[in-house]
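Read the figures in this text as sums done on the coordinates, not as results from a lab. Keep in mind that this is a model prediction, so the values were computed, not measured. No Cβ is skipped: glycine too gets one built from the backbone with ideal geometry, and neighbour counts run over all protein chains shown.
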Amino acid sequence: MNLAMLKPGEKGKITKIGAIGPLKRRLMDMGVLVGETVKVEKIAPLGDPIEVTIKNYNLSLRKKEVQGIEVEMVK
């Protein structure tokens, strides 16, 4: 499952970052790393962007950016 499939309030543990090149580097610089827990805070009415919390700070990411981030559900 990818991060874009999570609903607001759900958490996931990052298992793989499928982005390549500058996008992967930018995500990693923002703290999006394998093993981190991410929580979806809210999704814009049209589904883009998605606001997530990771490492106690909020990020707003485009849906196409998070579709390559694989997660497993966490309770």
Quiz item: Given charges of +1 on the Cβ of Lys and Arg and -1 on the Cβ of Asp and Glu, with all other atoms neutral, how large is the dipole of the chain about its Cα centre, in debye to the nearest 20?
Solution: 60 debye
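Rounded, prolate or oblate: which one fits the chain, using the alpha carbon gyration tensor with axes a ≥ b ≥ c (rounded when a/c is under 1.5, else prolate when a/b beats b/c, else oblate)?
Values: a/c = 1.42, a/b = 1.17, b/c = 1.22.
Rounded.
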